[in-house]
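Undergrad: One structure, pasted below without further comment.
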Amino acid sequence: MSLSQLDCRLTSVVPSRRQLAHQQLEFYAFIHFTVNTFTDREWGDGTEEEQIFNPAKLDARQWARAAVSAGMKGMLLTCKHHDGFCLWPSKYTTHTVANSPYKNGQGDIVREVSDACREYGLKFGIYLSPWDRNYPTYGFGEPYNDYFVNQLTELLTGYGEIFSVWFDGACGEGSNGKKQVYDWERYERVIRELQPNACISVCGPDVRWCGNEAGDTRPSEWSVVPLRTKDTERIAENSQHEDDAQFRERKISAMDLDLGSRCMMKNEGEAIWYPAEVNTSIRPGWFYHESEDDKVRSLEELKRIYYGSVGGNGMFLLNIPPDRNGLIHPNDQKRLKELGDWIRQSFAVNLMDQAELSADRWLDGSDVEQVREDSYASCFRTEDGDITCTIDIRWSKMQKIGHLVLKEDICQSQRIERFLVEAEVDGKNVMAYYGSVVGYKKIIPLNHLETDHLRIRILDSRVAPTLSFIGVYEDQKAGNT
Ligand code: FUL
């Protein structure tokens, strides 16, 4: 297959509506909360007494406020972690909040969190661990899959709109020493039927695990990847496939550095749209431990992860674990607010309003003026066959620039392969940034650059490049007076 045939094939892959809506959330919270919060562990073994669970001051609205202060747009709750304890009164097991002292067994934390999310304008998502170390039929095939589907159904029908169903890849032994063979296809069918707008993440076809839990990202994150990338987690965790030599040989690891370059894709079969999500915790653990109160990640570290994820064609799922009272600790609250303030300030003033724009080429009706508005209704595009272009942004006076933001029109796939940003400084053209992919969003910190002329040179694209938005943001610290 020639390069141009390959490029055409790859750029015919676009996001579904649910994937696009999910990506536009950009940054959202993970809440890890269960009996582990009370036993000071990371993984419960399923033998924990319901009696130990009593977050007496639980305030889901406080969680929602903390998330909003950070600039997050959604919240995902561990409704059931590997220990099998349910934060809602599931009628299919006794191992739930209904048998705990919390609100004298009348509580439903899934209800409280989903209500708080709606009140504060956050999307609500669920984490339901397939691995269950408490339920007796785990490891016995169909009976456990029935149980799991029943629980899924309760969650998908009882708590309003769900934006994400997050399936963890961890698959260990049950209390009986057996491992379960999960019926992923069946779970998927149930989710599509009951919540057609929800994305299924990690062990699902819509959102890809970035490959680590540390907050690290790839320099070039492609959303168009081989079809078989979808199976990485399932194969790694599913003993049935592990016996299958052919599957093992063809296995792609979610940790591979290159998941989508032309070089990699040329030997692949079908390609799919499968964007990356970065999941990491604000503390070392996923669950709250008092001993980690002074180990909340620094603002600088969170900014680095934000640049790599939201600003690197990914999504950012940041875990903020509530404590034993059922509250987000003040240290975490403070850091979340600092992060939100930084995001709000960094992207407050778009200098494009006063800029003059020009391009060396464009497709009729898709001129460069289209990049001023952040929407997919229109975009800048070159003519078919033109895979390079230059865009100039000029101001009548010097500007102090904090960030440049580029967005492709991903409704027309991911096309840009390489680009350069130049700036005129003291009468000379200097290279300000050299990058590879743009995708949904590329955030480029320009470190207080002072200039009256920026030039974006797209050096290589799979097919005619698109840009749906360019933002040039004032450096808020320096100001522009
Ligand atoms: C992992 C789990 O084992 C951790 O406890 C945590 O839930 C993390 C998000 O996923 O696979």
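The values are calculated or read from the model by the stated rules, or taken from the named source; none is laboratory data. Only a predicted model underlies this, so the values are computations on that prediction, with no experimental measurement involved. A quick note on method: Cβ atoms are made from the backbone with ideal geometry, for glycine too, and the neighbour counts reach across all protein chains shown. To get the accessible areas, we keep the full protein, side chains included, count just its heavy atoms, and leave off ligands, DNA and RNA. Shrake-Rupley method; radii C 1.70, N 1.55, O 1.52, S 1.80 Å.
Undergrad: Scan the range 257-290 residue by residue and report those that are farther than 20 Å from Ser461 by Cβ, more than 16 Å from the ligand (Cβ to nearest atom) and either open to solvent by 10 Å² or more (accessible area, probe 1.4 Å) or not assigned by TED's automatic domain parsing to the domain that holds Thr39 (or both).
TA: Going through the range 257-290, the residues farther than 20 Å from Ser461 by Cβ turn out to be 257, 267, 269-270, 272, 274, 276-290.
Add one more test, that the residue is more than 16 Å from the ligand (Cβ to nearest atom), and what stays is 257, 267, 269-270, 272, 274, 290.
Answer for the range 257-290, where residues must be farther than 20 Å from Ser461 by Cβ, more than 16 Å from the ligand (Cβ to nearest atom) and either open to solvent by 10 Å² or more (accessible area, probe 1.4 Å) or not assigned by TED's automatic domain parsing to the domain that holds Thr39 (or both): Leu257, Asn267, Gly269, Glu270, Ile272, Glu290.
Undergrad: Would you check if there is a residue in the range 11-29 being modelled with pLDDT of 95 or more and within 16 Å of the ligand (Cβ to nearest atom)? Quick ask: steps written out before the conclusion?
TA: At the first step, the residues of the range 11-29 found to be modelled with pLDDT of 95 or more are 11-29.
Cutting the leftovers down to within 16 Å of the ligand (Cβ to nearest atom) gives us 28-29.
Yes: one or more hits.
Undergrad: Kindly check whether there is at least one residue in the range 34-50 that is more than 16 Å from the ligand (Cβ to nearest atom), open to solvent by less than 10 Å² (accessible area, probe 1.4 Å) and modelled with pLDDT of 95 or more.
TA: Step one: filter the range 34-50 for residues more than 16 Å from the ligand (Cβ to nearest atom), giving 47, 49-50.
In the following step, the residues that additionally are open to solvent by less than 10 Å² (accessible area, probe 1.4 Å) were identified as none.
Scanning the range 34-50 turns up no residue that is more than 16 Å from the ligand (Cβ to nearest atom), open to solvent by less than 10 Å² (accessible area, probe 1.4 Å) and modelled with pLDDT of 95 or more.
Undergrad: I need a count of the residues in the range 63-88 that are part of a loop (DSSP other than H, G, I, E, B), within 13 Å of the ligand (Cβ to nearest atom) and among the hydrophobic types (A, V, I, L, M, F, W, C).
TA: Qualifying residue count, the range 63-88: 0.
Undergrad: Could you grab me the full set of residues in the range 366-398 that are part of a strand (DSSP E or B) and aromatic (Phe, Trp, Tyr)?
TA: Filtering the range 366-398 down to residues part of a strand (DSSP E or B) leaves 366, 380-381, 389-398.
Of everything in the range 366-398, those that are part of a strand (DSSP E or B) and aromatic (Phe, Trp, Tyr) turn out to be Phe380, Trp395.
Undergrad: Using the structure shown, decide if Arg133 is away from the ligand (no atom under 16 Å from the Cβ), open to solvent by 10 Å² or more (accessible area, probe 1.4 Å) and of a type in the set (Lys, Arg).
TA: Numbers: away from the ligand (no atom under 16 Å from the Cβ): no; open to solvent by 10 Å² or more (accessible area, probe 1.4 Å): yes; of a type in the set (Lys, Arg): yes.
Criteria not met by Arg133.
Undergrad: Kindly indicate whether any position in the range 95-117 is within 16 Å of the ligand (Cβ to nearest atom), of a type outside the set (A, V, I, L, M) and surrounded by 23 or more Cβ atoms within 10 Å (Cβ to Cβ).
TA: no
Undergrad: Just name the residue that is surrounded by the fewest Cβ atoms within 10 Å (Cβ to Cβ) out of those in the range 291-306 that are in a loop (DSSP other than H, G, I, E, B) and among the acidic types (Asp, Glu). Please lay out each step first, then the result.
TA: First, pick out the residues of the range 291-306 that are in a loop (DSSP other than H, G, I, E, B): 293-298.
Filter once more, so that each one left must be among the acidic types (Asp, Glu): 293-294.
Working: Asp293: 14, Asp294: 8.
Per the stated criteria, the residue is Asp294.
Undergrad: Looking only at the range 175-188, which residues are farther than 11 Å from Gly141 by Cβ and in contact with a helix residue (DSSP H, G or I) (Cβ under 8 Å, 6 or more places away or on another chain)?
TA: Kept after step one, since they are farther than 11 Å from Gly141 by Cβ, are these residues of the range 175-188: 175-177, 184-188.
Residues satisfying the conditions are Trp184, Arg186, Tyr187.
Undergrad: Continuing with this model, one more query. Might you let me know whether the range 431-453 holds any residue that is farther than 24 Å from Asp353 by Cβ and open to solvent by 40 Å² or more (accessible area, probe 1.4 Å)? Quick ask: steps written out before the conclusion?
TA: Of all residues in the range 431-453, those farther than 24 Å from Asp353 by Cβ come to 431, 434-437, 439.
Filter once more, keeping what is open to solvent by 40 Å² or more (accessible area, probe 1.4 Å): 431, 434.
Yes, the range 431-453 has at least one match.
Undergrad: In the list Phe167, Phe140, Phe163, which residue meets the criterion of being more than 16 Å from the ligand (Cβ to nearest atom) and either surrounded by 17 or more Cβ atoms within 10 Å (Cβ to Cβ) or under 19 Å from Arg18 (Cβ atoms) (or both)?
TA: Values: Phe167 fails: more than 16 Å from the ligand (Cβ to nearest atom); Phe140 fails: either surrounded by 17 or more Cβ atoms within 10 Å (Cβ to Cβ) or under 19 Å from Arg18 (Cβ atoms) (or both).
Testing whether each residue is more than 16 Å from the ligand (Cβ to nearest atom) and either surrounded by 17 or more Cβ atoms within 10 Å (Cβ to Cβ) or under 19 Å from Arg18 (Cβ atoms) (or both) leaves just Phe163.
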